[in-house]
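I'd like to ask you about the structure that follows.
What follows draws every value from the coordinates through simple rules; no lab data is involved. Predicted model, so just to flag it, every value in this text is computed and none were measured. Every residue, glycine among them, receives a Cβ derived from its backbone with ideal geometry; neighbour counts consider all protein chains shown.
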Amino acid sequence: MTRQMRNLTYRDRMAVIRKIEAKGYDFQESERLAWGVFAEFRNHPQGLNIEARGRQILTKEEWEKECREYGC
């Protein structure tokens, strides 16, 4: 993304959802995770930006592996 996302606009939300879907999640899971990314940014705006928060989300396979090893 070329510009820094700061607001919850449709375009920004869909960009985050597409990036999360590329990690193996379906649309509903991606949308839920995207809402969480924006909520976290809204609560702590001095931390990481939205793009960095989205990059921290594990791929679906990594999440399932950690869930099996450590429990959900």
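Do you know which residues across segment 56-72 are surrounded by fewer than 12 Cβ atoms within 10 Å (Cβ to Cβ) and in contact (Cβ under 8 Å) with a residue 24 or more places away in the chain?
Once the filter is applied, which keeps residues that are surrounded by fewer than 12 Cβ atoms within 10 Å (Cβ to Cβ) and in contact (Cβ under 8 Å) with a residue 24 or more places away in the chain, segment 56-72 yields only Glu61.
Now a separate question. If you go through segment 27-47 one residue at a time, how many are under 12 Å from the mean Cα position of the chain (by Cα) and either of a type in the set (Gly, Ala, Ser) or part of a loop (DSSP other than H, G, I, E, B) (or both)?
Of the residues in that region, 4 qualify.
A follow-up question, please. Would you pick out the residues in segment 8-30 that are among the small types (Gly, Ala, Ser) and loosely packed, with under 12 Cβ neighbours inside 10 Å?
Ala22
Only residues that are assigned to a helix (DSSP H, G or I), under 14 Å from the mean Cα position of the chain (by Cα) and more than 19 Å from Arg11 (Cα to Cα): list them for segment 48-66, please.
Across segment 48-66, the qualifying residues are Lys60, Trp63.
Under 7 Å between Cβ atoms, at least 6 apart or on separate chains: pull out the pairs that start in segment 14-29 with a residue that is at positive phi and end on any residue that is in a loop (DSSP other than H, G, I, E, B).
Going by the 7 Å Cβ cut-off, the qualifying pairs are Gly24/Thr59.
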